[in-house]
Amino acid sequence: MKTFYIETFGCQMNAHDSEKVVGTLLQKGYTQVQQPGDAELVLYNTCSIRDKAEQKVFNRLQQFKRDAGKGKIFGVIGCVAQQEGDRIFERAPHVSLVAGSASYTRLPEMLVQLEAGNRRVTGLSLDVNETFDTPFTRRDNPHRAYITIIEGCDKACAYCVVPFTRGPERSRTGESVMREARSLAELGYTEIQLLGQNVNSYRDPSPAGWDFARLIANTGTIAGIRRVRFTTSHPRDFVKEIIDAIDENPVLCNHVHLPVQSGSSSVLARMQRQYSRDQYMRRIEWMKNAKREIAITTDIIVGFPGETEADFRETVRLAEEVEYDSMFIFKYSKRPNTPALQYQDQVPEEEKTARLMHLQERQRAIQMRRNGRYVGHCEEVHVEGFNMATGQWIGRTAQNKTLNFHDPELPAPREAATRVGRYLNVLVTRAGPNSLAGERHTA
Ligand code: SF4
């Protein structure tokens, strides 16, 4: 059993977990293949953030079984594995491994059990205080690297499964993060993204005791690193020192993703978000008054149980007051084990849809306005790829905006010549609600 296939769903944390799982398997002498049919070990890294997540997993497992054929070992890992546990063996008896992310440090040991013929291998304990630090990470992107600095979540938002699927908050030591970032710089990485469910709740467990603001400030001083990003922040632990650190060092990207979820304090209280609208707006004020212009993005849930028309109008009013650069809007969906599951006054589906579409429309106009301000200005982009369909290079600004552009000197990648990984100046000529367009600026 030395070939494996892995399929990953969900957030950047899951994507990076898979990079570490792949690295661990390669280090154990496995070979990664691109088709489940060609693999002896088929792994499925799952996400349980949305409704029907479990059903999707079981449907995919049935498909795997059909397509991949006999004699395969199937493993379900990640958030649905942790949430469903042994139930997965009952509903999909062809599965032999069920492990949550809090057990990945035991992956080598679980592999040995599988290789020894054990067909009911589990890693489901949440009683952990360690993070999945491994030197064996096989990264998908050669230019921008994820670094997980904190895992789990101690908050208990009433709609969220994460505390039940990823366990308690536990931070890596500042030195281990710096060591990883330095080794990435030596490998030629120029951009790193610090990850956590609540990245700003980071607290170095070593005597150094760095907080998040200190960690990003230190990470921003590593030679060779040109951009440091971080996601996702929680408003309750978002302190002014984070903005000061961004203001002091241009290596720290001037973009903050700060999920608000609702503009109504009464809905925020029912969501157990641990901040009010005013407390949230104070953090927005810090960003609006920063020396550098900070792009602000957010997440919003519409149709949370008990959300009245007036509450929803509060959310729309907040969106217009903040003028976010972009926004992820989700309809509330019931999740297992969460307090909101028991809340009585569930909002009808069609009403949720109406609110989602209304907010999307208002936000689209805001984004058009905000992006329009960049036309005629030059922006530095980190080139991420080339779009064959449009014949444009794909760049990303420090504010996390997509800027697609033409480069007369190299209209398209050829032989060894590419722009991917380079930092180039681009003159913005057009703006859309979700991206910018331009021409390479060589003056
Ligand atoms: S802060 Fe809330 S929404 Fe975010 S991961 Fe924790 S429980 Fe979930």
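Listed values, structure above:
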{"item": "VAL239 accessible area, 1.4 Å probe, all protein chains in place, Å² to nearest 10", "result": "60 Å²"}
{"item": "Length released on extending from LYS52 to GLU130, taking residue separation times 0.36 nm less the Cα-Cα span", "result": "25.1 nm"}
{"item": "DSSP beta bridges in the chain [antiparallel fraction, %, rounded to 5]", "result": "35 percent"}
{"item": "All lysines inside 22 Å of LYS155 as judged from Cα atoms, apart from same-chain residues fewer than 8 positions distant", "result": "LYS240, LYS331, LYS334"}
{"item": "Segment ASN141-ARG369, length gained on full extension (0.36 nm per residue, minus Cα span)", "result": "78.9 nm"}
{"item": "Calculated P(r) tail over 20 Å for region 5-63, as whole % of Cα pairs", "result": "30 percent"}
{"item": "Amide H partners (placed H, <5 Å) of THR8, local residues excluded", "result": "ASN45"}
{"item": "Inter-label distance, nm, simple model (7 Å from Cα along the C-beta direction), GLU285/GLN32", "result": "4.7 nm"}
{"item": "Dipole in debye (nearest 20) - region 378-440, about Cα centre, beta carbon charges: Lys, Arg +1; Asp, Glu -1", "result": "120 debye"}
{"item": "Label-reachable residues, region 77-101, where backbone N falls under 17 Å from a point 7 Å from GLU115's Cα toward its Cβ", "result": "97"}
{"item": "Relative contact order (%) - region 144-372, alpha-carbon pairs under 8 angstrom, separation at least six", "result": "18 percent"}
{"item": "Under 28 Å from the Cα of LYS72 - lysines, other chains or at least 8 residues apart", "result": "LYS2, LYS20, LYS28, LYS52, LYS56"}
{"item": "C-alpha center-to-center spacing [region 100-134, region 201-237] in angstrom", "result": "28 Å"}
{"item": "Spin-label pair ARG430/ALA156, simplified geometry with 7 Å Cα→Cβ offset, distance in nm", "result": "5.2 nm"}
{"item": "Dimensionless Rg ratio for region 144-372, taking C-alpha atoms and the 2.2 N^0.38 Å reference", "result": "1.06"}
{"item": "Relative contact order computed over the chain (Cα-Cα under 8 Å; 6+ residues apart), in percent", "result": "10 percent"}
{"item": "Isolated Cys residues of the chain, judged by Cβ distance under 4.7 Å to other cysteines", "result": "CYS11, CYS47, CYS79, CYS153, CYS253, CYS378"}
{"item": "Range of Cα positions in the chain per principal axis (Å), largest first", "result": "63, 61, 50"}
{"item": "From phi via Karplus (6.51, -1.76, 1.60), per-residue ³J(HN,Hα) for region 378-386 in Hz, x at Gly/Pro", "result": "9, 10, 7, 10, 9, 6, 10, x, 9"}
{"item": "Accessible carbon and sulfur surface of region 144-372 relative to its total accessible area, %, 1.4 Å", "result": "52 percent"}
{"item": "³J(HN,Hα), Karplus 6.51/-1.76/1.60, whole Hz, each residue of region 245-255, x for Gly, Pro", "result": "5, 5, 5, 7, 9, x, 5, 7, 4, 8, 9"}
{"item": "Hz values of 3J(HN,Hα) by residue in region 293-302 - Karplus curve (6.51, -1.76, 1.60), Gly and Pro given as x", "result": "7, 9, 6, 10, 10, 7, 10, 9, 9, 9"}
{"item": "GLN342-THR390 pseudo-label distance in nm [points 7 Å out on the Cα-to-Cβ vector]", "result": "4.9 nm"}
{"item": "Global size of region 240-348 as Cα Rg and Dmax, reported in angstrom", "result": "15.5, 48"}
{"item": "Ellipsoid semi-axes in whole angstrom, largest first, where each is sqrt(5λ) of the Cα gyration tensor of region 2-123", "result": "19, 17, 14"}
{"item": "Rounded to 5, the percent of DSSP beta bridges in region 144-372 classed as antiparallel", "result": "10 percent"}
{"item": "Whole-number accessible area per residue in Å² for region 66-156, which is evaluated in the context of all protein chains at 1.4 Å", "result": "43 Å²"}
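The values are calculated or read from the model by the stated rules, or taken from the named source; none is laboratory data. Predicted model only: the values in this text are computed from it and were never measured. With ideal geometry, Cβ positions are generated from the backbone for all residues, glycine too; neighbour counts draw on all protein chains shown. We work out accessible area using only protein heavy atoms, side chains counted, and drop any ligands, DNA or RNA first. Shrake-Rupley method; radii C 1.70, N 1.55, O 1.52, S 1.80 Å.
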